[in-house]
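J.: One structure is given below, represented as structure tokens, and several questions about it will come after.
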Amino acid sequence: MSKLVVFENVTLDGVAQAPARPDEDRRGGFQHGGWGAPYMDAVAARVAGQAMSRPGVLLLGRKTYEDFYEIWPKRTDGNPYTEKLNKVQKFVASRTLREPLPWMNSTLLKGDLPQAVAQLKKQQTGDVGVIGSIRLVHELARHNLVDIYVVQITPLVLGGGLRLFPEGVANRLRLVDSITTTTGVIIATYEPVRPAAQAPPVEAAELALA
């Protein structure tokens, strides 16, 4: 069985919304898009490159999928992520999208979200990686489906925005690795601590969430 690995940029107060660009995600009137860009450095790029090079598939929420599709297939600057993101198998959680999906190697998850993701983890041999897709991550966290969190913690407080963990979700995490970048970002890898007998629940939940 593969592991489900969530990759997120967060501020010190837990905001994960729109780290890359000002227009990335304005839900809720969010005005701080692009907050993570000034903190990128060679260390963060190396860690991201290592993560992208590992075998596996991507699981994305609708909004992140559509955002990536608008940007990455059009990149012609030789960015190494372009080829990887085009070729990797992408699974998309959405209530509104219909197949065929526009980006190559894209498949729509069908049925109940927890059951579909649990089945996906059983079928894959490499990691199931999740990037962005905050609403989707919330549902995965609620159903104990996340095996690893790789969190880039930026020394910044925004005071508002969509956060990595939803209200009502409590979980102990164990730190398994950490790296500090030249800009003060801590890239921390955590594993949820679960009782030995605990199995992830698979009760019904709505598909799709970005």
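The values are calculated or read from the model by the stated rules, or taken from the named source; none is laboratory data. Keep in mind that this is a model prediction, so the values were computed, not measured. Backbone-built Cβ (ideal geometry, glycine too); neighbour counts: all protein chains shown.
J.: Would the stretch 102-110 turn up any residue that is of a type in the set (A, V, I, L, M), part of a helix (DSSP H, G or I) and over 23 Å from Ile153 (Cβ atoms)? Step through it out loud before you land on a result.
T.: From the stretch 102-110, those of a type in the set (A, V, I, L, M) are 104, 108-109; that's our starting set.
Filter once more, keeping what is part of a helix (DSSP H, G or I): none.
Scanning the stretch 102-110, I find no residue that is of a type in the set (A, V, I, L, M), part of a helix (DSSP H, G or I) and over 23 Å from Ile153 (Cβ atoms), so the answer is no.
Let's see how each residue does on (1) basic (Lys, Arg); (2) in contact with a strand residue (DSSP E or B) (Cβ under 8 Å, 6 or more places away or on another chain); (3) assigned to a loop (DSSP other than H, G, I, E, B); (4) at pLDDT 95 or above:
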{"site": "Gly28", "(1), (2), (3), (4)": "no, no, no, yes"}
{"site": "Arg46", "(1), (2), (3), (4)": "yes, no, no, no"}
{"site": "Glu66", "(1), (2), (3), (4)": "no, no, no, yes"}
{"site": "Gly78", "(1), (2), (3), (4)": "no, no, yes, no"}
{"site": "Tyr81", "(1), (2), (3), (4)": "no, no, no, no"}
{"site": "Lys84", "(1), (2), (3), (4)": "yes, no, no, no"}
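J.: While we're looking at this one, here's another question. Restricting attention to the stretch 128-143, which residues are within 21 Å of Ser53 (Cβ to Cβ) and either under 8 Å from the mean Cα position of the chain (by Cα) or modelled with pLDDT under 95 (or both)? Break it down stepwise before answering.
T.: So the first thing to find is which residues in the stretch 128-143 are within 21 Å of Ser53 (Cβ to Cβ), and the list is 128-133.
Listed by number, the residues that qualify are Gly129, Val130, Ile131, Gly132, Ser133.
J.: Please go through (1) surrounded by fewer than 12 Cβ atoms within 10 Å (Cβ to Cβ); (2) within 16 Å of Val185 (Cβ to Cβ) for Val15 and return the number of the only condition it doesn't satisfy.
T.: (1)
J.: Right, something else. Can you go through Glu70, Glu24, Glu83 and tell me which one is loosely packed, with under 14 Cβ neighbours inside 10 Å and within 30 Å of Ile179 (Cβ to Cβ)? Before you say what the answer is, go through the steps one by one.
T.: Values: Glu70 fails: within 30 Å of Ile179 (Cβ to Cβ); Glu24 fails: loosely packed, with under 14 Cβ neighbours inside 10 Å.
Checking each option against the conditions leaves just Glu83.
J.: Is it true that Val150 is under 19 Å from Val193 (Cα atoms), outside any helix (DSSP H, G or I) and in contact (Cβ under 8 Å) with a residue 40 or more places away in the chain?
T.: Numbers: under 19 Å from Val193 (Cα atoms): yes; outside any helix (DSSP H, G or I): yes; in contact (Cβ under 8 Å) with a residue 40 or more places away in the chain: yes.
Spelling it out, Val150 is indeed under 19 Å from Val193 (Cα atoms), outside any helix (DSSP H, G or I) and in contact (Cβ under 8 Å) with a residue 40 or more places away in the chain.
J.: Could I ask something else about it? Would you please list the contacts, defined by Cβ atoms under 7 Å and residues six or more apart or on different chains, that run from a residue in the stretch 99-113 that is under 17 Å from Trp72 (Cα atoms) to a residue that is part of a helix (DSSP H, G or I) and among the hydroxyl-bearing types (Ser, Thr, Tyr)?
T.: Pro102/Tyr69; Trp103/Tyr69
J.: Tell me, which residue of the stretch 142-175 that is surrounded by fewer than 20 Cβ atoms within 10 Å (Cβ to Cβ) and small (Gly, Ala, Ser) is nearest to Ser94 (Cα to Cα)?
T.: Gly168
J.: Quick one: which residue in Val137, Val57, Val130 is farther than 24 Å from Arg27 by Cα, in contact (Cβ under 8 Å) with a residue 24 or more places away in the chain and among the β-branched types (Val, Ile, Thr)? It would help to see each step written out before you state the result.
T.: On the way: Val137 fails: farther than 24 Å from Arg27 by Cα; Val130 fails: farther than 24 Å from Arg27 by Cα.
Val57 is the lone residue from the list that is farther than 24 Å from Arg27 by Cα, in contact (Cβ under 8 Å) with a residue 24 or more places away in the chain and among the β-branched types (Val, Ile, Thr).
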